[in-house]
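Report on one structure; see the data block that follows.
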Amino acid sequence: MNNYFSIQDIDALPIWVEEAIAIKKNPLSHKTLGKDKTIGLLFFNPSLRTRLSTQKAALNLGMNVMVMNFTGEGWSLEYEDGTIMDQGNSEHVKEAAQVVSQYCDVLAIRAFAKLEDRDDDYSEKVLHGFINHASIPVINMESATRHPLQALTDAITISEYKKTDKPKVVLSWAPHPKALPQAVANSFVEMMQRMDADFVITHPVGFELASQITKQVPIDYNQENALKDADFVYVKNWSSYQDYGKVIDNDPFWKITSEKMKLTNDAKFMHCLPVRRNVVVDDAVLDSKNSIVIEQANNRTYAAQLVLKKILEKS
Amino acid sequence: MNNYFSIQDIDALPIWVEEAIAIKKNPLSHKTLGKDKTIGLLFFNPSLRTRLSTQKAALNLGMNVMVMNFTGEGWSLEYEDGTIMDQGNSEHVKEAAQVVSQYCDVLAIRAFAKLEDRDDDYSEKVLHGFINHASIPVINMESATRHPLQALTDAITISEYKKTDKPKVVLSWAPHPKALPQAVANSFVEMMQRMDADFVITHPVGFELASQITKQVPIDYNQENALKDADFVYVKNWSSYQDYGKVIDNDPFWKITSEKMKLTNDAKFMHCLPVRRNVVVDDAVLDSKNSIVIEQANNRTYAAQLVLKKILEKS
Amino acid sequence: MNNYFSIQDIDALPIWVEEAIAIKKNPLSHKTLGKDKTIGLLFFNPSLRTRLSTQKAALNLGMNVMVMNFTGEGWSLEYEDGTIMDQGNSEHVKEAAQVVSQYCDVLAIRAFAKLEDRDDDYSEKVLHGFINHASIPVINMESATRHPLQALTDAITISEYKKTDKPKVVLSWAPHPKALPQAVANSFVEMMQRMDADFVITHPVGFELASQITKQVPIDYNQENALKDADFVYVKNWSSYQDYGKVIDNDPFWKITSEKMKLTNDAKFMHCLPVRRNVVVDDAVLDSKNSIVIEQANNRTYAAQLVLKKILEKS
């Protein structure tokens, strides 16, 4: 594997999930694989789970880790070709990516959507800029439109907890005071299309995700109907794709409550975190035994470790 | 030992001090104890000594270290139960603490007093929030009201330098242009009550520390009188506890000078640093042979290393 | 070697260059030299190459690394002797340097020129403050007036690429929208005076570097003339030394173009990076085969590793 930009870079999902679960049972089983190898983690945005779990994964493989908050610690980057760089940006991604490739064996990058210009975000200029110019493998730690480490984590978690071969999985939009990117939802939708699942998305009218991502996935605008008999309820807010980056509706009705969870087949509750309690989901659900958000966060380490292991094995 | 929140978590002070001094003589004696163990250092505030000495202590034990400046690098945290999180905070400490516990074996946290609301600071919501929800041991790297790594350091330093079994130790308030927390003073006062010392506190009227901490410790409002025959002069500014967080007096008379040091029994000068020269203490004192502030800072490593060693040995 | 403040700390340049090239061929050849040794990297300014390459160099030698952004993560420092510290600065460099010396075996510091007061910048108060008070070796990661790791890198790079014993090297000023320090140019000029090179500086009138640095080096105010038959074109902007810190001229004519490169002897193009494309130099030059800026950045690791190796071998 060269890069891990989206879940399209997973060649055989069931084998990957199986391998991740094996890593989880014995996290230090490949402690020498990363010996004298260095990963650079470049953050353009805040991060708790991704920051720590990716470091931990690298340490479990015996790698060296260099963490850099690009904004503030480094130079403001330019991504466009041919620009006369007489404005705010001091360095072009062409140099930054090539230079960092000299010091690291693997690169991992977080660069959120700005939610100002849809074409700009969906062009993935930061991740593609680094991928195009780096000479080492690049891992996506959440880009403008994708969060494939989270989606791999979710596949692992669902595989661990599912009681039937083809569980019913519901992705439900939920209210949130701020406009959030679509990356987590996009990658989860892509992942569910590759898993053996009865998958449905539910959200208010106007929050349709990009059709090139949702494809044939059924959308139910009636949340209660969608939740019926669900085995997994995956909750996430995102801002509008059509009216790009806008919070066109914030109806508190969409919050996940214990009452709604009763409509399900004793479903597990999932969320990528951070989660705003009593806005996105009630305390009673998050603190219930059916909530698996902490174990889900735990699996972030093993998803990252699997991806790193595959990269190291190939290089 | 589960957590190191305050010096109450020290079960046998003389043995701890002896053990810390042994570690200092041979810092790499337990280089494999922390093998494949990871400490997460979470900072909500600036730090020089604590940041570097705690890292160094972990490295001496062979641990992996992950450092995170929570403010800026992570998400703003909510600490209250039951809040509808539709305001500035993105994540609840319930999730943050549980999640970080998945990636680390030990957690260390720095979260200063805000000095706005006494009950809020003395409730220690940040440290207690993490301790209550983490599933791994938590170390206090200076909380709103306590700095137990500093106090352990001070006990080690006084033990090294004392010439009599029961030295006279004076904690003197000193002027400072900014309002500072009471954490260092509180933990030092608690520590001196556990050591064999003739201990007295001196400060202007109105700067009394919390009585539940000072208990029966004598307070002398006459600094020069208090300093007489002192073997150790420990200097620190703090803001008012009664008129909470206020600088109710900043009389430059309270600065420590060479003349005042002459009142002592050739006392050693101590300060936790950083120190404002010629405001808190004169250059002449800080640069004299009696100043042991640098060796005191050096002992921060061995205090942290002892605490970590005890945690690792128990886990 | 005690400190690496400027290239005056290089005792035998040709041997150093040879040794650096040997390290480059086998970067892990001294993997145990730094065992249980710790380097502290203190940054007062942004950094990409220096931050990562110096870490990488230390890792290649088996050292532990502690990185600290002093501004923000630590305390604001005072450098003047005898100050009554009742203003913004919380800690004196006297304490900071001595304290950090307790936790590290080697210190590396980046502290740019402020470009407000020439005497202040050229007094090098930050680096000299740390060097004077530290008890461990200090490495300059770009100070107010010098960048000796870059200059050593440049010597290595020129040695690798030169086709004649005494190549013609041109240092050309170039336009830039912001006022930049003279550190890179100063150290490069000092280095070229120690190498066997036909060296000339070209810049607009008024951009003369300090005469105590340029000494007898010829200055040609005609860029095109200077570039004739050059084997290496080293480009860098700096602000005025005379009219200190000012951008007294920003004539776009001085940008390096393909046409200008045709005047040279098929010269290699060098720049320390970051570089503003199409302001300092055209895309066509930077993306040409003659541009060696990426390999130059790569050599930062081996320059730093050589300096660290020499320090570790002596300690």
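Readers should treat all values here as calculations from the given coordinates under stated rules, not as data from a laboratory. None of these values were measured; they are calculated from a predicted model. All Cβ positions, glycine included, derive from the backbone under ideal geometry; neighbour counts span all protein chains shown.
Figures for the structure shown
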item	result
Nonlocal amide H pairs with B:Val67, under 5 Å, H built at 1.01 Å	B:Leu41
Backbone HN-Hα couplings from phi across region A:95-108 [Karplus 6.51/-1.76/1.60, Hz, Gly and Pro as x]	6, 4, 5, 5, 5, 4, 4, 6, 9, 10, 9, 9, 10, 10
Average beta carbon contacts from partner chains per residue of B:280-292, 10 Å cutoff	1
Label spacing, shortest first and in nm, from A:Asp198 to its equivalents in the remaining copies (7 angstrom along Cα→Cβ)	8.3, 8.3
Estimated distance in nm for a label pair at C:Ser123 and A:Lys178, the labels positioned 7 Å out from Cα along Cα-to-Cβ	4.3 nm
Translational diffusion of region C:149-294, µm² s⁻¹ [Kirkwood Rh, Cα pairs; Stokes-Einstein; 4 °C; 1.567 mPa s]	87 µm²/s
Translational D in µm²/s for region A:44-201 (Stokes-Einstein at 10 °C, 1.306 mPa s, Kirkwood Rh from C-alpha pairs)	90 µm²/s
Within straight-line cross-link reach of A:Lys114, lysines at Cα separation under 17 Å, skipping those fewer than 8 residues along the same chain	A:Lys125, A:Lys178, A:Lys246
Reachable aspartates and glutamates from C:Lys309, criterion Cα separation under 15 angstrom, eight or more residues apart if same chain	C:Asp9, C:Asp11, C:Glu18, C:Glu19, C:Asp36, C:Asp105
Of every Cα-Cα pair in region C:213-252, the percent that sits beyond 15 Å	59 percent
Computed over chain C, Kirkwood Rh from alpha-carbon pairs, angstrom	20.1 Å
Relative contact order of region A:150-296, defined on C-alpha pairs under 8 angstrom at six or more residues apart (%)	28 percent
Label point 7 Å beyond Cα along the C-beta direction, distances from B:Lys166 to other copies (nm, shortest first)	8.3, 8.3
Distribution of pairwise C-alpha distances over region A:106-176, 10 Å bins, in %	17, 35, 29, 17, 2
Distance in nm between pseudo-label sites at B:Asn26 and A:Asp283 (7 Å out along the Cβ direction from Cα)	5.2 nm
B:Asp220 long-range amide H proximity, modeled H, under 5 Å	B:Ile201, B:Thr202, B:His203
Estimated Rh, the protein assembly as shown: Kirkwood, alpha-carbon pairs, angstrom	30.1 Å
Descending Cα extents along the principal axes, region A:144-213, whole Å	35, 25, 24
Derived scalar couplings ³J(HN,Hα) [region B:189-203; Karplus, 6.51 cos²θ - 1.76 cosθ + 1.60; whole Hz; x for Gly, Pro]	4, 4, 5, 5, 6, 9, 8, 7, 8, 8, 10, 9, 10, 10, 6
Sorted largest first, extent of region B:137-176 alpha carbons per principal axis (Å)	35, 32, 12
R0 of 30 Å, Cβ-Cβ distance A:Ile15-A:Asp198: FRET efficiency to nearest 0.05	0.85
Length released on extending from A:Lys114 to A:Gln8, taking residue separation times 0.36 nm less the Cα-Cα span	35.8 nm
Sequence-distant residues sharing a close amide H with A:Val275 (under 5 Å, placed H)	B:His92
Spatial separation of Cα centroids for region C:106-124 and region A:75-148, in angstrom	31 Å
Tail beyond 18 Å, pair distance distribution of region C:45-87 (Cα, percent)	50 percent
Degrees, to the nearest 10: C:49-60 long Cα axis against longest axis of chain C	60 degrees
Shape parameters for region A:18-112, alpha-carbon atoms, Rg then Dmax in Å	16.2, 53
Residue-by-residue Karplus 3J(HN,Hα) for region A:307-315, coefficients 6.51, -1.76, 1.60, Hz, glycine and proline x	4, 4, 4, 5, 5, 5, 5, 7, 7
